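Just below is one structure, and these are the notes that go with it.
The values are calculated or read from the model by the stated rules, or taken from the named source; none is laboratory data. No experiment lies behind these values; they were computed from the predicted model shown. So basically every Cβ, Gly included, is an ideal-geometry build from the backbone, and we count neighbours across all protein chains shown.
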Amino acid sequence: MKATAKAHTNIALIKYWGKRNEALILPTNNSLSITLDGFYTTTSVEFKEDLSKDAFYLNDCLIEGEQSNRVIKFLDLVRDLAGKELFAEVNSTNVVPTAAGFASSASGFAALAGASTKALGLELSETELSRLTRQGSGSACRSIFGGFAEWQKGQKEDGSDSYAVPIATESHWDIRVAAVVLSSKMKKVSSRSGMRRTVETSPFFRGWVDSIPADLTAIKEGIRDKDFEKVGQIAEANCLKMHATTLGANPPFTYWLDTTMSVMQTVQELRAKGIPAYFTIDAGPNVKVLYLPEHEDMVQNTLSNVPGVSEVKLSKVGKGITFLKDDEFA
Ligand code: PMV
C-alpha cells in the first residue's frame with residue numbers, strides 16, 4: 001500500500017486572495033497560475049498495519065506540530081474517502097528552496113494527495129484529485145495540472161464545483177520565471193491570516209473581487225495568443241491590486257520590504273530599455289519575474305545585481321502531477 005508522486009509548485013498570475021469558506025478552503029475568486037518546472041516535491045506514502053499513528057518526514061526529518069497536523073488532517077480525508085483506517089508513513093523531499101519564497105504547500109499537498117489516494121487504491125480523475133487537494137492547501141489544487149491552470153471558485157456550498165482546470169499545456173508556450181530571493185527576512189503574516197484579515201476588514205476587498213472576471217478573460221486571451229506583453233501587464237497589475245488590499249486592512253500590513261520595491265523598480269527599468277519583463281509577488285517579500293527565453297541572461301544578471309538580492313533561481317513551465325516507481329524517488 002505504497003505510492004509515490006511528484007508535483008511542481010505554481011505561481012499565480014491572477015491571485016487567489018480571500019476565502020468564502022475557511023474549513024473547506026473555498027475561494028472568493030477564480031485564480032490562474034503557471035506550473036513551474038524548477039521547483040517540486042516528491043512524496044511517498046505507505047499505509048501500514050503496524051503503525052499506531054501517522055509519521056511525516058520532510059527531507060528526512062521527522063516533523064511535528066502544526067505542519068504535521070495539516071498532513072494528518074489531509075490523510076484523514078483520504079482515509080474517509082477510501083473507507084480505510086490505516087496509519088501512514090509519509091516521506092517528502094522538497095526541491096522547492098524554501099528561501100525562494102515559494103509556498104512549498106502547493107507542490108507538497110498536490111504530491112501528498114496523489115500518493116496517498118493511489119496508495120489506498122483510489123482511482124481519482126484529475127478533477128477529483130484537484131478538488132481533494134484544494135482541501136489541503138488552496139493553491140495546491142492548481143498544481144495537479146501542468147502548463148497554465150485556472151482554479152474555478154465554484155458556487156456550491158459543499159465545494160464540489162471548486163477545482164482547477166487546465167487552460168494550456170506546458171508545451172503551448174515557453175515563457176520563463178525568475179524567482180528573486182532577498183537576503184533580509186521579516187516576520188511573516190501567513191497567507192491564511194492575511195487573507196482573513198483582508199476579507200474581514202479591508203474596504204478595498206470588494207473592488208479586488210469585482211475586478212477579477214475582466215482580468216481573467218483578458219489573460220486567457222493573452223495566453224491563447226501567446227501575447228507576452230498582455231499577459232505580463234495583467235499579471236503585474238493583478239498582483240499590485242492584491243497587495244493594495246492589505247494596506248486597507250485593519251490593522252494594515254504589507255508583505256513588501258525595501259528590496260521588494262527595488263526589484264519591482266528594476267523590472268520596470270528593464271522594460272524601459274526594451275526588455276519585456278513583469279513581476280508578481282505572493283504573500284511574502286520575494287519577487288517572481290516573468291520573461292522570455294531570449295532575455296534570460298540579461299534578466300538574471302540585472303536582477304542578481306540589485307542590492308539586497310541573494311539569489312535568482314530560474315524556471316521553465318512545468319508538468320502536472322506524475323506517479324513514480326519506487327526506485328525513481330528523488
Ligand atoms: O494556498 P495558500 O494558502 O498558500 O495561498 C496562496 C495565496 C497566494 O500565494 C498569495 C496567491 C496564489 O494564488 O497562489
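Within the range 11-18, can one find any residue that is farther than 30 Å from LYS241 by Cα, touching an Asp or Glu at 6+ places or on another chain (Cβ under 8 Å), outside the structural domain of GLY194 (by TED's automatic domain parsing) and surrounded by 21 or more Cβ atoms within 10 Å (Cβ to Cβ)? Checked the range 11-18: no residue is farther than 30 Å from LYS241 by Cα, touching an Asp or Glu at 6+ places or on another chain (Cβ under 8 Å), outside the structural domain of GLY194 (by TED's automatic domain parsing) and surrounded by 21 or more Cβ atoms within 10 Å (Cβ to Cβ). Among the residues making up the range 76-92, a single one is buried (at least 18 other Cβ atoms within 10 Å of the Cβ) and out of contact with any Leu (no Cβ under 8 Å at 6 or more places or on another chain): ASN91. Of all the listed residues (SER116, SER143), the sole one being closer than 19 Å to ALA12 by Cβ and touching a residue at least 24 places away in the same chain (Cβ under 8 Å) is SER143. Flag: LYS6 does not match the condition of being outside any strand (DSSP E or B) and modelled with pLDDT of 95 or more.
Take GLU236 and decide whether it is on the phi < 0 side of the Ramachandran plot and either buried (at least 18 other Cβ atoms within 10 Å of the Cβ) or not in a helix (DSSP H, G or I) (or both).
On the way: on the phi < 0 side of the Ramachandran plot: yes; either buried (at least 18 other Cβ atoms within 10 Å of the Cβ) or not in a helix (DSSP H, G or I) (or both): yes.
So GLU236 fits the description; yes.
Test SER211 against the stated conditions and say whether it is within 16 Å of the ligand (Cβ to nearest atom), over 14 Å from PRO27 (Cα atoms) and crowded, with 18+ Cβ neighbours inside 10 Å.
On the way: within 16 Å of the ligand (Cβ to nearest atom): yes; over 14 Å from PRO27 (Cα atoms): yes; crowded, with 18+ Cβ neighbours inside 10 Å: no.
No, not satisfied.
Quick check: is even one residue across the range 79-92 of a type in the set (Phe, Trp, Tyr), over 30 Å from GLU236 (Cα atoms) and away from the ligand (no atom under 16 Å from the Cβ)?
Filtering the range 79-92 down to residues of a type in the set (Phe, Trp, Tyr) leaves 87.
This time we only want the ones that are over 30 Å from GLU236 (Cα atoms), so: 87.
Okay, now just the ones that are also away from the ligand (no atom under 16 Å from the Cβ), so 87.
Yes, some residue in the range 79-92 is of a type in the set (Phe, Trp, Tyr), over 30 Å from GLU236 (Cα atoms) and away from the ligand (no atom under 16 Å from the Cβ).
Scanning the range 174-188 for residues that are buried (at least 18 other Cβ atoms within 10 Å of the Cβ) and either assigned to a loop (DSSP other than H, G, I, E, B) or within 12 Å of the ligand (Cβ to nearest atom) (or both) gives a single hit, ILE175. Scan the range 51-67 for residues that are at pLDDT below 95 and crowded, with 18+ Cβ neighbours inside 10 Å and jot them down. Across the range 51-67, the qualifying residue is only LEU58.
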